[in-house]
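The values are calculated or read from the model by the stated rules, or taken from the named source; none is laboratory data. If you're wondering where the values come from, they're calculated on a predicted model, not measured in any experiment. Here the Cβ is made from the backbone with ideal geometry for all residues, glycine too, and neighbour counts use every protein chain on show. Surface areas here come from the heavy atoms of the whole protein model, side chains and all, with no ligands, DNA or RNA. Shrake-Rupley method; radii C 1.70, N 1.55, O 1.52, S 1.80 Å.
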Amino acid sequence: DGAQYHFERVLASNLPEPVVANVQNFLAQIRARRSWKFGFNFALLPDSNVNQGTSAQTIEIGSGSPLGPMQMTLSSDARETSGLGVMWQLYGEKWWEMADQWRFTTSGNLQRKDYGKHRYNDMTLNARLGPRYLFEGGDTGFGLSLGKRLLGDHPYNNAHGLYVDVNRQLGERWLTYVSLESLQYRFAHGKGEPGSLTTATGKLRYMLSPVSQLEGGLDLTRDTTISDAMRHKI
């Protein structure tokens, strides 16, 4: 990772063409020889609305009835609640060589958020597996994506679907990443209706110099899952 970091940045130094070709060859060798990576993140989570509740104190029920609407007072659990939590994340990838320029990859990501009130705890586990193709200036992969989520330390939903992504270096200063993932969700114990989640992600990085860069990204998500809290059926 350290060597790749510095090679990518030195390309922004207006190097002679033979040196550029040599550096890009080193980057290609790094991608070809890498067999695993892992990481760990930790953060504090001050949240003004950990339960994703409403700020309203009361709601109206039965607005269409002959008697008119009734004012109902919401319980404290239904209203927005603030809290301070901690988040920790483990992630890793493993590559196996299949053939020239082809790898089989597996990756996993475990993220957990813990709060003082355990019913707000949130844990997600995601895994991917599939082939990956290495080409000049980048790599691309596709395969199966799996997920599981626990809320309040109890099973909440399961997910399965497909993904495809591409890493590509464009010229000497541009780095791009594009991915598309589509997942089908099923909720545990009748907590919601089956649905799908489709996410498209794009990231772009421009090397201003060996010591500075600009980064930008865009995520588009279409979610058709309906949890218990969002259903209009009684």
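Of Q169, Q184, which residue is of a type outside the set (D, E, K, R), open to solvent by 60 Å² or more (accessible area, probe 1.4 Å) and in a strand (DSSP E or B)?
Working: Q169 fails: open to solvent by 60 Å² or more (accessible area, probe 1.4 Å).
Only one candidate qualifies: Q184.
Which residues, taken from segment 86-130, are aromatic (F, W, Y), surrounded by fewer than 15 Cβ atoms within 10 Å (Cβ to Cβ) and farther than 16 Å from A32 by Cα?
Looking only at segment 86-130, we keep the residues that are aromatic (F, W, Y), and these are 88, 91, 95-96, 102, 104, 115, 120.
Narrowing the set further to residues that are surrounded by fewer than 15 Cβ atoms within 10 Å (Cβ to Cβ) leaves 88, 96, 102.
Passing the criteria: only W88.
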Could you tell me which numbered condition T81 fails, if it satisfies all but one of (1) part of a strand (DSSP E or B); (2) surrounded by 15 or more Cβ atoms within 10 Å (Cβ to Cβ)? (1)
The condition from (1) within 15 Å of the chain's Cα centre (by Cα); (2) open to solvent by 40 Å² or more (accessible area, probe 1.4 Å); (3) closer than 25 Å to K191 by Cβ; (4) of a type outside the set (S, T, N, Q) that A159 misses is numbered (2)
Whether any residue in segment 200-212 is surrounded by 17 or more Cβ atoms within 10 Å (Cβ to Cβ) and under 16 Å from the mean Cα position of the chain (by Cα) is what I want to check. no
Can you list residue pairs whose Cβ atoms sit under 9 Å apart, with the first residue in segment 42-62 being without any contact (Cβ under 8 Å) to a residue 24 or more places away in the chain and at positive phi and the second being exposed (fewer than 11 other Cβ atoms within 10 Å of the Cβ) and in a loop (DSSP other than H, G, I, E, B)? Count only pairs 6 or more apart in sequence or on different chains. G62/G68
Please pick out the residue among L84, L129 that is of a type in the set (A, V, I, L, M), under 24 Å from the mean Cα position of the chain (by Cα) and over 30 Å from N167 (Cα atoms). L84
Could you please let me know if P46 is open to solvent by 90 Å² or more (accessible area, probe 1.4 Å), within 30 Å of E80 (Cβ to Cβ) and of a type outside the set (D, E)? yes
Given (1) modelled with pLDDT under 80; (2) closer than 14 Å to D122 by Cα, identify the lone condition not met by S65. (2)
When segment 136-156 is checked residue by residue, the ones that are open to solvent by less than 50 Å² (accessible area, probe 1.4 Å), closer than 30 Å to N22 by Cα and not in a loop (DSSP other than H, G, I, E, B) are G138, D139, T140, G141
Could you grab the pairs with beta carbons closer than 8 Å, sequence gap of 6+ or different chains, first residue in segment 179-197 and over 29 Å from D165 (Cα atoms) and in contact (Cβ under 8 Å) with a residue 24 or more places away in the chain, second one of a type in the set (F, W, Y) and in a strand (DSSP E or B)? A188/Y156; K191/Y156; G192/Y185
Exactly one of A12, A21 is aliphatic (A, V, I, L, M), touching a residue at least 24 places away in the same chain (Cβ under 8 Å), open to solvent by less than 80 Å² (accessible area, probe 1.4 Å) and in a helix (DSSP H, G or I), and that one is A12
